[in-house]
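One structure is given below, encoded as C-alpha cells.
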Amino acid sequence: MSERPSWCIPANEYRRERWRNQFGWTREIVRMRREAGRDRPAEGEQDWDWRLSIAEIESDAPFSAFPGIDRELVLLSGNGLRLRFDDGEAVELHPPHDKLRFAGERTVTGELIDGPTHDFNLMWRRGRVRAELWHRPLVGPMVLFAEPGQSWAVHLLAGQAHFADGSGLAPLQAGDTAILAAGEDRLRHVLEGGGEVLLVRVGEA
C-alpha cells in the first residue's frame, strides 16, 4: 500500500476490468479508502470510499447498481450518451464534456446516441466522504491546496502539464491522472501547462 501523499498514474497503467454486471468494460484509475482522516489506496475490490475509472460503452447496456454510492459521469469522447432511468427520467450527455451526478442505486441504462463513448466515472461512498468535480481549462499555472483530510485528483483531458513545485511528480500527458492526498498537514501543488483538466476534490462527508 502506497504511503506517498501524491503520485501520478500514467494512462497505460489503468487496470481494465469488466463491469460489476458484466455488460461492459472499465479502466480503473484508482480506488481509495479513508483511514484516520487520510486517503490511501484501497486493497480490496469493494473496500473503497472513492474510486475513479473510465467506462468504455460500446453498445446500449444497463449500468451496474452501486447501493450507498453516489456517482458523477463525464462524457470524455464520442458523440453522446443518453442515461435512461427506470423512473422515466432521461438525460443526454453531449460533447465536449457534459456530466451528470446521480445515486448509484438508481436503475439506469446507457444508450449510445451515435457510436461508442468513453466516460469518466467518479464514485464515492455516501456518508463517508464528499466529492466535487469540475472541468477547467489549464492555461499557465494552477495552484491546488489540499486542506488536512482532503484529496485532489487531476485528470488531464488534453494537452501537457507538469508540477512546478519541487515535488518531483512526473509530468502529465493527456489521459494521465495525479492523486494529491493530504494528511494532517495542508498540501500545496502548482500545476503548469496547457490543455484541459478534470478536477476532483474529496473531503469529509
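Of note:
- Exposed loop sites here mean GluC sites (Glu not before Pro) with a DSSP loop assignment and at most 15 other beta-carbon atoms within 10 Å; the chain contains its longest site-free run at 106-183.
- Applying 0.36 nm per residue to the separation of residue 87 and residue 130 and subtracting their alpha-carbon distance, the gain on full extension is 12.9 nm.
- DSSP-loop trypsin sites (Lys or Arg not before Pro) across region 29-128, with at most 12 other Cβ within 10 angstrom: none
- Using R0 = 45 Å, the C-beta based FRET efficiency linking residue 65 and residue 190 works out to 0.65.
- The label point for residue 107 and the one for residue 170, both projected 7 Å from the Cα toward the Cβ, are 4.3 nm apart.
- Table column - 3J(HN,Hα) (Hz), region 188-201, Karplus curve with 6.51, -1.76, 1.60, x for Gly and Pro: 10, 9, 10, 9, 10, x, x, x, 9, 9, 9, 10, 10, 10
- In order along region 121-138, the Karplus-derived 3J(HN,Hα) couplings, from 6.51 cos²θ - 1.76 cosθ + 1.60 at θ = phi - 60°, round to 10, 9, 10, 8, 7, 4, x, 9, 9, 10, 10, 10, 9, 9, 9, 9, x, 10 Hz, and Gly and Pro are given as x.
- Our estimate of slack between residue 11 and residue 43, defined as 0.36 nm per intervening residue step minus the Cα-Cα distance, is 9.5 nm.
Quick note: the coordinates plus some simple rules give every number you see, no bench work behind them. Computed from a prediction, not measured in an experiment: that's the story for all the values here. No Cβ is skipped: glycine too gets one built from the backbone with ideal geometry, and neighbour counts run over all protein chains shown.
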